[in-house]
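The values are calculated or read from the model by the stated rules, or taken from the named source; none is laboratory data. Worth saying up front: this structure is predicted, and the values here are computed from it rather than measured. Virtual Cβ from ideal backbone geometry, glycine too; neighbours counted across all protein chains shown.
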């Protein structure tokens, strides 16, 4: 299900709207029955205190989904650089918050510090492609199984 190619706004807030739709699909089978994929494009923003848009989106989504079973997500910048770090983005798995807790990570604090990179780096869930020299858009996909 395409959510559009011009999705903009604060990454952590956009994640909450995507998360609400993912939960609606997972729990009620509306507006689509699982398996379903939510896909959006467009460049979100982050009020920068550190970190990039894609990892910020995913960390906020992780908190919002709270380990929703069967939900997987990816968010990457097509140029291969999410903010100022060496990653294009990251992946979110249903057990990401559980693994973070075992590592002693505080997702809420890391989100407040715009440190999605630190969160996903510790989980070893960063997507690192190197610079692609192509800047089409950010890409986000949420798979609900």
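Worth pointing out:
- In summary, residue 112 fulfils each of the numbered conditions (1) surrounded by 14 or more Cβ atoms within 10 Å (Cβ to Cβ); (2) modelled with pLDDT of 90 or more; (3) within 19 Å of residue 12 (Cβ to Cβ) with the single exception of condition (1).
- Matching residues in segment 66-76 - criterion: being modelled with pLDDT of 90 or more and either assigned to a loop (DSSP other than H, G, I, E, B) or under 11 Å from the mean Cα position of the chain (by Cα) (or both): 66, 68, 69, 70, 72, 73, 74, 75, 76
- Any hit, segment 12-32, residues being modelled with pLDDT of 90 or more, part of a loop (DSSP other than H, G, I, E, B), more than 17 Å from residue 125 (Cβ to Cβ) and in contact with a helix residue (DSSP H, G or I) (Cβ under 6 Å, 6 or more places away or on another chain): yes
- Among the candidates 71, 66, 20, residue that is within 24 Å of residue 110 (Cβ to Cβ) and touching a strand residue (DSSP E or B) at 6+ places or on another chain (Cβ under 6 Å): 71
- Residue match in segment 82-97 (condition: part of a loop (DSSP other than H, G, I, E, B), under 11 Å from the mean Cα position of the chain (by Cα) and either crowded, with 16+ Cβ neighbours inside 10 Å or free of Cβ contacts under 8 Å to residues at least 40 places away in the same chain (or both)): yes
- Checked against the criterion of being modelled with pLDDT of 95 or more, under 11 Å from the mean Cα position of the chain (by Cα) and more than 16 Å from residue 23 (Cβ to Cβ), the candidates 105, 59 yield just one match: 59.
- Selection status of residue 43, free of Cβ contacts under 8 Å to residues at least 12 places away in the same chain and touching a helix residue (DSSP H, G or I) at 6+ places or on another chain (Cβ under 7 Å): no
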